[in-house]
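See structure below.
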Amino acid sequence: MILRAARKAPQPETPAGGTVVPRHVAVIMDGNGRWAQARGLPRAAGHRQGAEAARKVLRAAGEAGVECLTLYAFSSENWRRPEGEINDLMGLLRFYIGSELNALHKEGIRLKILGDHKAFKADVAKMVDEAVARTAGNERMTLAIALNYGSRGEIVSAARSLAARAASGQLDPEAIDEAMIDASLDTGALPPLDLLIRTSGEYRLSNFLLWQAAYAELLFVDTLWPDFDGEAFNMALRTYAGRERRFGGR
Ligand code: IPE
Ligand code: IPE
Ligand code: MG
């Protein structure tokens, strides 16, 4: 008798050929400050509640079979915020990694960082590096966190690295194509972006995944991020499943 390795059942496809469950979902987690303000609380309380929402959404994404969840946690423009708030956010990141790392690892989740977290306080940057290294072999799901990330900066870095290879004669400029640029971005190893969600009723990308969003489905919801949860995420997945993706075809 021939034993065949168990294969993962292929995902059902929509008539247009896309998968019903998005492989890669990214979220601009916005509205923490307004959530706190509405309750007369300090902004830090909104960020804390926002971290809870992230935990719930990660669980829901894993259960739904999403391969990669990308969360925008700190933009390269967020340095414009008061120092006290930046410190609160760093403290929260420290706490989140400290308390969640074991659970992430046990659940087979690989942590990936987009952006330049080296600019963070040395102990936070080290903690992040260790978390990435520890979970590097996990394959069930990827959690990508954008830290000190800006899409234009990411594209500049990719351009520089390709230019350096061209200048040293390792790369023919004519060989540079979309796939090569795509692979040179921080998201190079991640599945193509299918769905981009922004909470809090703001309708902009705020320098997030500009290249990657070229054919992603966009979903803007009014819910403030700390109120977003697994149910809200599942609703977003249902909305996505009902969309028709054309990719320029008819
Ligand atoms: C998103 O919430 C969290 C970060 C940008 C770190 P905000 O802090 O931007 O909340 P609002 O937009 O002021 O309500
Ligand atoms: C985008 O939210 C960044 C993150 C969610 C981390 P912001 O609140 O910083 O964006 P703007 O300033 O409203 O565009
Ligand atoms: Mg905001």
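The values are calculated or read from the model by the stated rules, or taken from the named source; none is laboratory data. Keep in mind that what you see is a predicted model, and the values were worked out from it rather than measured. Neighbour counts run over all protein chains shown; Cβ positions are idealised from the backbone, glycine included.
Take I181 and decide whether it is outside any loop (DSSP other than H, G, I, E, B) and within 16 Å of ligand 3 (Cβ to nearest atom). No, not satisfied.
Checked against the criterion of being without any contact (Cβ under 8 Å) to a residue 12 or more places away in the chain, more than 16 Å from ligand 1 (Cβ to nearest atom) and of a type in the set (D, E, K, R), the candidates R243, R238 yield just one match: R238. Here region 25-58 is the region considered, the condition is being of a type outside the set (A, V, I, L, M) and not in a helix (DSSP H, G or I), and the residue that is farthest from ligand 3 (Cβ to nearest atom) is G40. The set of residues in region 203-215 being within 13 Å of the chain's Cα centre (by Cα) and of a type in the set (G, A, S) consists of A213 alone.
So which residues in region 74-106 are under 16 Å from A53 (Cα atoms), surrounded by 16 or more Cβ atoms within 10 Å (Cβ to Cβ) and not aliphatic (A, V, I, L, M)? Listed by number, the residues that qualify are F74, Y96, E100.
Across region 238-250, the number of residues qualifying as out of contact with any strand residue (DSSP E or B) (no Cβ under 8 Å at 6 or more places or on another chain) and either within 16 Å of ligand 3 (Cβ to nearest atom) or assigned to a helix (DSSP H, G or I) (or both) comes to 2. Within 16 Å of ligand 3 (Cβ to nearest atom), surrounded by 15 or more Cβ atoms within 10 Å (Cβ to Cβ) and either at pLDDT 95 or above or at negative phi (or both): does that describe A61? No, not satisfied.
Can you pull out the residues in region 197-231 that are outside any loop (DSSP other than H, G, I, E, B), farther than 12 Å from M29 by Cβ and either away from ligand 3 (no atom under 14 Å from the Cβ) or touching a residue at least 40 places away in the same chain (Cβ under 8 Å) (or both)? Don't jump to the end; show me each part of the working.
Going residue by residue through region 197-231, those that are outside any loop (DSSP other than H, G, I, E, B) are 197-198, 212-215, 217-220, 225-227, 230-231.
Those left that are additionally farther than 12 Å from M29 by Cβ: 212-215, 217-220, 230-231.
Answer for region 197-231, where residues must be outside any loop (DSSP other than H, G, I, E, B), farther than 12 Å from M29 by Cβ and either away from ligand 3 (no atom under 14 Å from the Cβ) or touching a residue at least 40 places away in the same chain (Cβ under 8 Å) (or both): Q212, A213, A214, Y215, E217, L218, L219, G230, E231.
Taking each residue of region 52-77 that is in contact (Cβ under 8 Å) with a residue 40 or more places away in the chain and looking for partners that are assigned to a strand (DSSP E or B) and among the aromatic types (F, W, Y) with beta-carbon atoms closer than 9 Å, six or more apart or interchain, yields Y72/Y149; A73/Y149; F74/Y149; S75/Y149; S76/Y149. Annotation: of all residues in region 27-82 being in contact with a strand residue (DSSP E or B) (Cβ under 8 Å, 6 or more places away or on another chain) and acidic (D, E), the one that is nearest to L93 (Cα to Cα) is D30.
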